[in-house]
Amino acid sequence: MPDFYEFFAGGGMVRAGLGPNWTCLFANDFDHKKSRVYRENWGEHELKTDDVGILKPSDLPGQPDLVWASFPCQDLSLAGGGAGLKGNRSGTFWPFWRLMKAQIAEQRAPDMIVLENVCGTLTSHEGKDFTTICDAVADEGYSVGAIVVDAALFVPHSRPRLFVVCVRATAAIPHTCISDEPAFPFHTKALRTAYERLPARTRRSWIWWNLAKPPARETSLSDLIEDHPSDVRWFTADETLRLVAKMSNLNKEKLAQAKLEGRRIVGGLYRRTRQDEFGCKVQRAEIRFDDISGCLRTPAGGSSRQVILVVEGESVKARLISGRETARLMGLPDAYMLPKNYNEAYHLTGDGVVVPVVRHLAHCIFEPVIDLTEVRASVAA
């Protein structure tokens with residue numbers, strides 16, 4: 001049974017994705033509210049709630065097969081301040097990496113290290129931040145590769161994310177896990193451009209991971225919507241009219257077409273700041289009716305919370321997306337215990353990793369690498 005560490009663990013969505021055949025040796029997050037939810041779902045034993053910067057190598061037990069780190073994205077996001085790896089949040093990669101270097105020095109190096117973040121990592125500081133990460137990994141004797149996976153392949157939720165998958169030189173990689181060249185859809189143009197920027201010494205350590213395309217998704221946004229959510233209320237008729245009034249002509253046309261369908265149609269709506277025809281900033285309500293949710297974001301303000309719009313003929317109803325619906329969009333089962341506070345639930349899920357994406361990565365890459373490595377080690381012994 002393979003084992004792992006989970007850094008920046010949040011509510012343990014990586015743990016949920018790896019599944020019951022994996023053993024968690026250690027988990028860490030600095031957020032006490034998220035940690036409370038982690039313990040409610042996974043128990044007390046493995047989680048240490050503390051800033052990663054004050055953790056010591058002695059806090060980390062054993063030698064894991066895999067270490068996962070979803071370090072904060074705020075400074076790498078296209079919507080962030082652009083501080084990159086020098087920022088207070090995304091810069092927490094460095095104390096995490098110091099722990100990994102200590103493990104390597106103590107002969108406790110994991111066979112695999114996975115770094116997850118927003119796709120803006122590829123272009124942050126003209127690609128220099130991505131290069132810095134890959135150089136740091138390669139300098140410690142790891143091969144490195146990356147893939148971009150959109151959660152919409154698995155759940156009705158548009159959420160592309162970057163996964164940097166690193167393998168120790170002594171690990172064994174099945175040939176089925178490696179591609180001779182980049183391939184669509186997991187090796188995007190931005191990723192290929194970022195690879196070309198890497199120095200030659202790091203490109204020599206590069207792997208184009210071969211990730212199988214999953215079966216066609218069977219669920220839609222409509223399937224995940226609650227009939228009677230307990231934590232949000234339906235807007236009044238006046239509130240809904242004011243929301244529709246914020247739509248551009250294009251979005252109003254989308255709504256009109258949905259009404260003409262004469263059936264129940266569910267859309268996801270975000271309020272965004274745009275420029276009008278006079279160059280003035282105005283708030284717009286932008287709707288999509290492709291039965292896929294827009295990317296969940298942590299609620300820094302009211303405009304970042306997604307609104308659900310239900311259209312049936314001339315009937316138009318609207319409300320905030322519920323906490324349970326956000327969890328479903330992340331692939332969490334309904335048995336997963338969420339915070340009772342709405343904002344805390346939204347923050348927890350909006351900061352997380354989509355569960356079936358983790359499971360697919362584990363099935364296609366992590367488990368085959370770990371299994372073959374163990375087989376070769378036992379033969380050598």
Taking the stretch 102-117 and the residues there that are touching a helix residue (DSSP H, G or I) at 6+ places or on another chain (Cβ under 9 Å) and not in a strand (DSSP E or B), the one that is surrounded by the most Cβ atoms within 10 Å (Cβ to Cβ) would be Pro110
Met1, sole failed condition from (1) modelled with pLDDT under 95; (2) closer than 23 Å to Pro339 by Cβ: (2)
Looking only at the stretch 100-128, filter to residues that are among the acidic types (Asp, Glu) and at pLDDT 95 or above; which one of those is nearest to Gly62 (Cα to Cα)? Glu106
Hits in the stretch 24-39 (condition: surrounded by fewer than 21 Cβ atoms within 10 Å (Cβ to Cβ) and farther than 20 Å from Pro333 by Cβ): Leu25, Phe30, Asp31, His32, Lys33
Restricting to the stretch 248-303, give me the number of residues that are hydroxyl-bearing (Ser, Thr, Tyr), closer than 25 Å to Leu224 by Cα and either loosely packed, with under 15 Cβ neighbours inside 10 Å or free of Cβ contacts under 8 Å to residues at least 60 places away in the same chain (or both). 3
Going through Thr298, Thr349 one at a time, which residue ends up being within 17 Å of the chain's Cα centre (by Cα), among the polar types (S, T, N, Q) and at pLDDT 95 or above? Thr349
Just to be sure, is Thr92 in contact with a Phe, Trp or Tyr (Cβ under 9 Å, 6 or more places away or on another chain) and modelled with pLDDT under 95? yes
Looking at (1) surrounded by 20 or more Cβ atoms within 10 Å (Cβ to Cβ); (2) in contact with an Asp or Glu (Cβ under 7 Å, 6 or more places away or on another chain); (3) modelled with pLDDT under 95; (4) not aromatic (Phe, Trp, Tyr), which is the only condition Gly81 fails? (1)
Only one residue in Ser230, Ser205 is within 29 Å of Phe186 (Cα to Cα) and of a type in the set (Gly, Ala, Ser), so which one is that? Ser205
What's the number of the condition Ile265 fails, among (1) at pLDDT below 95; (2) closer than 20 Å to Pro156 by Cβ? (1)
Those residues that are on the phi < 0 side of the Ramachandran plot and of a type outside the set (Gly, Ala, Ser), I need them from the stretch 104-118; list them, please. Ile104, Glu106, Arg108, Pro110, Asp111, Met112, Ile113, Val114, Leu115, Glu116, Asn117, Val118
If Ile173 satisfies every condition in (1) among the β-branched types (Val, Ile, Thr); (2) within 21 Å of the chain's Cα centre (by Cα); (3) under 20 Å from His363 (Cβ atoms) but one, which is the exception? (2)
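Condition test on Leu162, is it within 27 Å of Gly323 (Cα to Cα), assigned by TED's automatic domain parsing to the domain that holds Ile147, without any contact (Cβ under 8 Å) to a residue 60 or more places away in the chain and not hydroxyl-bearing (Ser, Thr, Tyr)?
yes
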Of all residues being in contact with a Cys (Cβ under 9 Å, 6 or more places away or on another chain) and surrounded by 13 or more Cβ atoms within 10 Å (Cβ to Cβ) in the stretch 168-194, which is farthest from Asp65 (Cα to Cα)? Just the residue, please. Ala190
Can you tell me which residue among Tyr346, Tyr336 is aromatic (Phe, Trp, Tyr), in contact (Cβ under 8 Å) with a residue 60 or more places away in the chain and within 23 Å of Asp227 (Cβ to Cβ)? Tyr336
Do the conditions hold for Arg272, that is, is it in a strand (DSSP E or B) and of a type outside the set (Val, Ile, Thr)? yes
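The rows are residues; the columns are (1) under 21 Å from Val353 (Cα atoms); (2) out of contact with any strand residue (DSSP E or B) (no Cβ under 9 Å at 6 or more places or on another chain).
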position	(1), (2)
Glu261	no, no
Arg274	no, no
Glu277	no, yes
Val282	no, no
Ser293	yes, no
Arg297	yes, no
Gln306	yes, no
Ala327	yes, yes
Tyr336	yes, yes
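The values are calculated or read from the model by the stated rules, or taken from the named source; none is laboratory data. Fair warning: this is a prediction, and the values are worked out from it, not measured in the lab. Neighbour counts are summed over all protein chains in view; Cβ atoms, including those assigned to glycine, are modelled from backbone coordinates with ideal geometry.
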